[in-house]
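The values are calculated or read from the model by the stated rules, or taken from the named source; none is laboratory data. Given the structure is predicted, the values throughout are model-derived calculations rather than measurements. Positions of Cβ are generated from backbone atoms using ideal geometry, with glycine treated the same way; all protein chains shown enter the neighbour counts. Surface accessibility is based on the protein's heavy atoms, side chains included, excluding ligands, DNA and RNA. Shrake-Rupley method; radii C 1.70, N 1.55, O 1.52, S 1.80 Å.
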Amino acid sequence: MLILAPSLLAADFKCLEQQVKAVEEAGAGYLHLDVMDGAFVPSISFGMPVLKSLRECTGLVFDVHMMVEEPGRYVNDIRGCGADLICVHQEACVHLDRTVNQIREAGLKAAVALNPATPVSSLEYILPELDMVLIMSVNPGFGGQKFIPYALDKVRCLREMAEKKNPSLDIQVDGGVTAGNVGALIEAGANVFVAGSAVFKGDPAANVKEFLEVFGRYEARP
Ligand code: DX5
Ligand code: ZN
């Protein structure tokens, strides 16, 4: 199943509730929430209070992308805000196996993100423990950056590895994803797509529908 995960980072913060409801009604599946600490990445975004308030106004799956050092420290707090899935960076966890287990023991879906330069092979042994892997197609920290083309090779390589080690693995791509390049990502083997600017710039509902039309074309293929 192909899922669109609009990234809140690109939304109009003056009217978050309205923006979130617009993408939910248009058919988005996840809400991608980028938590940044100013240490793992240069910028600071938003944290627990924002997640908690939004939880009251939407039924979307909360996909929390933790761009923070040692995110294991926050698993219980993030769960308390209504998260469904926590994604941590391989590069931010000294004891990645322990952090992944903390997320699973908290009853949440566990995902690991890889920065553009981090090889897919670094997840070889932990792959069976994961629900999703996030291939970053920009350097994390900011919205509106240009898609790094070699991310496509990483998606292909990961899908091949997952066929043996975890066939139901979700592969998410984040950074510079548009309705124009999402088809190539689907063909490479990804199935969950984060889009910030491509959803929230202009008319969010119309932009979501444009993505869903592309998904529909691929899903209708024999
Ligand atoms: C970047 C974030 C992304 C960002 C994507 O570090 O992880 O989720 O919001 O924004 P776009 O889709 O504009 O590249
Ligand atoms: Zn993200």
(request) Could you order Tyr125, Tyr30, Tyr74, Tyr150 by accessible surface area, starting with the largest, using a probe radius of 1.4 Å? (result) Tyr125, Tyr150, Tyr74, Tyr30
(message) Give me the dipole magnitude in Debye, nearest 20, for the range 151-213 about the Cα centre, with unit charges on the beta carbon: positive for Lys and Arg, negative for Asp and Glu.
(response) 180 debye
(request) Just list whichever of Lys52/Lys165; Lys164/Lys209; Lys52/Lys109 have alpha carbons separated by over 28 Å in the model shown. (result) Lys52/Lys165; Lys164/Lys209
(request) Calculate what fraction, in whole %, of the accessible area of the range 13-95 sits on carbon and sulfur atoms when a 1.4 Å probe is rolled over the protein chains. (result) 52 percent
(request) Can you tell me how much longer the chain between Lys165 and Lys14 gets when fully stretched, taken as 0.36 nm per residue apart minus their C-alpha distance, in nm with one decimal? (result) 50.0 nm
(message) Going by amide H atoms built from the backbone, whose H comes under 5 Å of the H on Ile3, apart from near neighbours?
(response) Val192, Phe193
(request) Compute the accessible area per residue over the chain, keeping the other protein chains in place, probe 1.4 Å, unit Å². (result) 44 Å²
(message) If you roll a 1.4 angstrom probe over the protein chains with everything in place, what fraction of the accessible area of the range 104-222 belongs to carbon and sulfur, to the nearest %?
(response) 52 percent
(message) Can you tell me what share of the DSSP beta bridges in the chain is antiparallel? A percent to the nearest 5 is fine.
(response) 5 percent
(request) Hey, for a label at Tyr125 modelled as a point 7 Å past Cα toward Cβ, could you say which residues of the range 77-114 have their backbone N under 13 Å away? (result) 95-98
(message) Expected output is a single nm value to one decimal: the length gained when fully extending between Arg221 and Met48, i.e. 0.36 nm times separation in residues minus the C-alpha distance. What is it?
(response) 58.2 nm
(message) More than 27 angstrom separation, counting every C-alpha pair in the chain; what % is that?
(response) 25 percent
(request) Provide the three semi-axes, in whole Å and in decreasing order, of the ellipsoid equivalent to the range 78-156 as defined by the square roots of 5 times the Cα gyration tensor eigenvalues. (result) 23, 16, 10
(request) Would you tell me the accessible area of Ile3, worked out with a 1.4 angstrom probe on the heavy atoms of the protein chains, in Å² to the nearest 10? (result) 20 Å²
(message) Quick check on the chain: helices-only [θ] at 222 nm, where DSSP H runs of length 4 and up contribute -39,500 (n - 2.57) each and the sum goes over total residues. Nearest 500, please.
(response) -10000 deg cm²/dmol
(message) Taking the full set of protein chains and a 1.4 angstrom probe, give the accessible area of Phe40 in square angstrom, rounded to the nearest 10.
(response) 40 Å²
(request) Mind checking the full-extension length gain between Cys57 and Ala206? Use 0.36 nm per residue of separation minus the Cα-Cα distance, one decimal, nm. (result) 51.5 nm
(request) For Lys146, go through the lysines and keep the ones whose alpha-carbon is under 17 Å away, minus same-chain ones fewer than eight residues off. (result) Lys154, Lys201
